[in-house]
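Okay, structure first, notes after.
Just so it is clear, none of the values below were taken in a lab; they were calculated from the coordinates. What you see is a predicted model; the values in this text were computed from it and never measured. Backbone-built Cβ (ideal geometry, glycine too); neighbour counts: all protein chains shown.
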């Protein structure tokens, strides 16, 4: 009987893990919601249906499935599945980030506490159950960023610029639960994606990010295979091993987000799960190295193959169009974009008559374009073409 992977969550973006398992001859037992199980059931060997939702529900399904039949490897796909995977990994001594790393990954305030104790660079912050009680602290730091302790995709994140805006946030977010209030860090935003085994970094990549800026900072584009030189590059090189050590990271993937401020890199957050926005897809395209298969190999305790040691051979990017809130009248230029030789995938998730919500998180973006090219010039020319051609026309209410 072949080795079996217990894959906790997958949705649509996790399909490459299933495809990689097929290539490697690994059975896949998938824990998923009924909705996604209908879409993915014929791609895997077995499906365990769960209601999904909170971490605890995913953990209940994962722990029961693992006790029923011990897996050879476990992989939690996104945020709510991180702790579930770590529990099973710890229980059976399987490769994984560590329970400590998973716990920090799921709570931004715990990250701030652990990193602060070690003197890692990060925003000033306060944790509060009542935003009004943080007004005096925030007033001395304005502008500040308010965010929930868990979640992803900028959901619930907002910039509060002045006292009036803070008072409004107090009113709007009353009873919304525990919040993190941080001083604003400014500068270009990057992420570092690393593959580790037993604490050793086997592969690393730097991705430049483009966001909408204040107030929500929704991510719009990702360009992997970046190189930082000079003092900035040296500071980032020093930071990465310190973060890995502070996480207590053992085996798996790390997704570290930071801003490059005037005083150096400043940690935004870190996760030990697959980053969203097709980041692994564009890293794989740039480096000629399948990161989904690599992450799967690490989870199964298998050796990595053909790990890149030099710079990327190509350039790649993901871009997410947005649209003004209102009713969609037309989608313009999609066929032209799809036909461009540097475009690997392009889709718009809305059609005429659908309603676009005001932009508040990644879930409110309306499409995705993946590009890659031989070099920087080719990629940027394709980027300009896509931005110029693809438009979602809406009529405001």
Q. What is the range 124-183's relative contact order, in percent, from Cα pairs under 8 angstrom and six or more apart in sequence?
A. 55 percent
Q) How long are the three semi-axes of the equivalent ellipsoid for the range 187-277, computed from the Cα gyration tensor as the root of 5 times each eigenvalue, in whole Å, largest first? A) 21, 16, 12
Q | Spherically averaged projected area of the chain from its Cα convex hull (nm²) | A | 20.2 nm²
Q. So if we plug the beta-carbon distance of residue 19 and residue 168 into 1/(1 + (r/R0)^6) with R0 = 51 Å, what FRET efficiency do we get, rounded to 0.05?
A. 0.60
Q.
Report the gain in length on full extension from residue 135 to residue 263: 0.36 nm times residue separation, minus Cα-Cα distance, nm rounded to one decimal.
A. 43.4 nm
Q) Quick one: in the range 4-94, what % of C-alpha pairs are over 14 Å apart? A) 57 percent
Q: Only bridges with both residues in the chain count here: give the DSSP antiparallel percent, nearest 5.
A: 80 percent
Q.
Quick check on the range 124-183: what are the equivalent-ellipsoid semi-axes from the Cα gyration tensor, as sqrt(5λ), descending, whole Å?
A. 16, 12, 11
Q) So for 391, 222, fewest C-beta neighbours within 10 Å to most, what's the order? A) 391, 222
Q. Expressed as a rounded percentage, what relative contact order does the range 200-271 have, with Cα pairs under 8 Å and six or more residues apart?
A. 21 percent
Q) Using a basic spin-label model with each label point 7 Å from the Cα along Cα→Cβ, how many nm lie between residue 237 and residue 325? A) 4.7 nm
Q: Please order 354, 306, 290 by the number of other Cβ within 10 Å, starting at the fewest.
A: 306, 354, 290
Q: In nm, give the distance between the simple-model label positions of residue 110 and residue 91, each being 7 Å from the Cα along the Cα-to-Cβ direction.
A: 1.8 nm
Q) Under a GNM of the chain (C-alpha, springs under 10 Å), which listed residue has the highest mean-square fluctuation: 60, 122, 89? A) 60
Q) Using Cα pairs under 8 angstrom and six or more residues apart, how large is the relative contact order of the chain, in percent? A) 14 percent
Q | Whole-number D in µm²/s for the range 263-397 (Stokes-Einstein; Kirkwood sum over Cα pairs; 37 °C, 0.692 mPa s) | A | 193 µm²/s
Q) So how do 178, 314 line up by other beta-carbon neighbours within 10 Å, fewest first? A) 178, 314
Q.
If R₀ is 25 angstrom, what is the calculated FRET efficiency for the pair residue 335 and residue 376, using the beta carbon separation as r and rounding to 0.05?
A. 0.40
